1. Tally time: how many residues in region 135-153 are free of Cβ contacts under 8 Å to residues at least 60 places away in the same chain and either within 20 Å of the chain's Cα centre (by Cα) or buried (at least 18 other Cβ atoms within 10 Å of the Cβ) (or both)?
2. Looking for something in contact with a strand residue (DSSP E or B) (Cβ under 9 Å, 6 or more places away or on another chain), open to solvent by 20 Å² or more (accessible area, probe 1.4 Å), under 17 Å from Glu119 (Cα atoms) and of a type outside the set (Ser, Thr, Tyr) - is there at least one such residue anywhere in region 154-175?
3. Name the strands (runs of 3 or more DSSP E) wholly within region 172-281 that hold at least 3 residues that are under 26 Å from Lys126 (Cα atoms) and not polar (S, T, N, Q)?
4. In the list Gly111, Gly132, which residue meets the criterion of being surrounded by fewer than 17 Cβ atoms within 10 Å (Cβ to Cβ), closer than 19 Å to Asp78 by Cα and either aliphatic (A, V, I, L, M) or touching a residue at least 24 places away in the same chain (Cβ under 8 Å) (or both)?
5. Against the definition (part of a helix (DSSP H, G or I), surrounded by 16 or more Cβ atoms within 10 Å (Cβ to Cβ) and touching a Gly at 6+ places or on another chain (Cβ under 8 Å)), how does Ala104 come out, yes or no?
6. So how many residues does region 47-80 have that are part of a loop (DSSP other than H, G, I, E, B) and of a type in the set (Phe, Trp, Tyr)?
7. Can you find, within region 24-46, the residue that is least open to solvent (accessible area, probe 1.4 Å) among those that are hydroxyl-bearing (Ser, Thr, Tyr) and either free of Cβ contacts under 8 Å to residues at least 12 places away in the same chain or part of a helix (DSSP H, G or I) (or both)?
8. Do we find a residue being at pLDDT below 95, more than 28 Å from Tyr36 (Cα to Cα) and either not acidic (Asp, Glu) or not in a strand (DSSP E or B) (or both) anywhere in region 81-92?
Amino acid sequence: MPETLNASARLLRAFAVDFLTSHDLDAVESIMDPAYCLTIGGYALDGREKSYRPAIASLFEQFPGLCVTVHDVMLGPDAAALRFTEHGAPAKQPGGTAAWAGVALFRIEAGRLRCGWAEEDYLARKRQLKTGRCDPIEAPHAAPWDASCEPAEASTEDAVRRWLSDPAACLRPGPVEEVSAEGPRFAALVSAAAPLRSNLTALVSAGERAAFYLECCGSYAGGFDDIDAALTGTPVILRMAGLATVRQAEVAQAQVVADRLGLHRQLLDARRSGSRAGSAG
């Protein structure tokens, strides 16, 4: 039977199903460029064989039955994105299970993933493994790989850039849907008051959809129950990945995942150092 899916759908399906869910590390050779680099949580896994494959091998060892459920996709000829949930049971914690959300976006070159940016809600994973209660998993996209492939749209990217030019855009109620389970909201972690700025690291589009990766740099707003209140005001960075929909030249919806656990670790480091000084640059 001839393949009827578009090339980007086949590539993203291979990434989510043939590689991650099937735990086939050799699949990366056809899916990713040798120079593939993934930016996540403030780290760059630079190089498919040098950095990325070993990191994923470690994840598979930690969660031997890891699965990926896809909830949303964006497909373009030179870029793609997906919103997903990873879920599984840790090998070293019998009976424990966890499900945690993520958003990933990619640039495509010569039919393979060339670079990617992602964030996942590891704070939710940590909580579930600690409490022994797994979060419910959202229903999957009915037909993610049948989505149409649309070209990049400059007007969509302009609308998202304009929206994100406000550093507090992802902290305020409105079009933003925070894809995170329990724990502090984004606005409880980073103060919307000055000084606040954002670094837009990546932006790709397909039709009226766009995916973005940014760093929200500001001061800690005091949202963690287990962090000393004296650290409120500490410079922090909240890294975010999101999928946005643009209608009538405005962002109508944005689903955003943030590295809340990474921000929590920044504060623990500040507490250990005994200083509120830090760098949000």
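The values are calculated or read from the model by the stated rules, or taken from the named source; none is laboratory data. Given the structure is predicted, the values throughout are model-derived calculations rather than measurements. No Cβ is skipped: glycine too gets one built from the backbone with ideal geometry, and neighbour counts run over all protein chains shown. Ligands, DNA and RNA are stripped out before the accessible areas are found, and what is left, the full protein with its side chains, is counted by its heavy atoms. Shrake-Rupley method; radii C 1.70, N 1.55, O 1.52, S 1.80 Å.
1. Matching residues across region 135-153 total 2.
2. No, that holds for no residue.
3. Those strands (runs of 3 or more DSSP E) span 176-178, 209-219, 235-247, 250-258.
4. Just one listed residue meets the conditions, Gly111.
5. no
6. Number satisfying all stated conditions: 1.
7. Result: Ser30.
8. The answer is yes, given that some residue of region 81-92 is at pLDDT below 95, more than 28 Å from Tyr36 (Cα to Cα) and either not acidic (Asp, Glu) or not in a strand (DSSP E or B) (or both).
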